[in-house]
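What follows is a short report on a single structure.
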């Protein structure tokens, strides 16, 4: 497991404590009664990491880190130590670029330990985003077919306008969910880009800086794919007979 100095761990745990409370409150307030398709449910699961606030995400991170630390510790003292380190590491992973940017804008250079953790975080975000891209593609394809089926049924007077609108509600919810997710992804991309600029300034031409730039570029490409998918869904929905 990546080692963290005491300052890093303490900072991560402070974020995590606030995040866990925020996440618990948010979870109680965001229960959605609609029966979504399996594809829509998967997309929402894949996007939860990006749609949580930084503090909420940190709350999830601390839970994951503590569980891993508890499971890997050999004795009571070792377990406590690994749980503490795991909590800090989990929060850092969940917050991504914002962890290094928040409260550290005057920092002139990053330690090698930080650079390696940034790169690990970026790779994990890209992995999560790949899953979201795949599930979003499945949802968009499903919803475009659904729009055409609803339009056909309505034109043939097989369903009423009210029923057509009811069936179209999930499509519209999915579209709004993708719009929200993309807005949050743009914010994360902005933070990573800002951090990338700082890393390049502190390590001109360094291998870590180049690797981080490569991961940021990969993140940007995936976001563009999601934008294209959303655009295709919006276009199909726009020409629908159901307002």
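Observations on the model:
- Geometric extent, Cα atoms of segment 105-175 - Rg, Dmax (angstrom): 22.2, 67
- Cα gyration tensor shape of segment 134-173, rounded if a/c is under 1.5, else prolate or oblate by comparing a/b with b/c: oblate
- For the pair residue 234 and residue 113 in one chain, pulling the backbone fully straight at 0.36 nm per residue adds 39.2 nm over the alpha carbon distance.
- Computed FRET value (nearest 0.05) for residue 130 with residue 169, which takes r as the C-beta separation and R₀ as 41 Å: 0.90
- Overall form of segment 111-243 per C-alpha gyration tensor (a/c, 1.5; a/b vs b/c): prolate
- Label-reachable residues, segment 211-243, where backbone N falls under 20 Å from a point 7 Å from residue 157's Cα toward its Cβ: 241-243
Just so you know, all these numbers are worked out from the coordinates, no wet-lab data involved. This one's a predicted model, so the numbers in the text were calculated from it and none came from an experiment. Ideal geometry is used to build each Cβ from the backbone, glycine not excepted, and the neighbour counts take in all protein chains shown.
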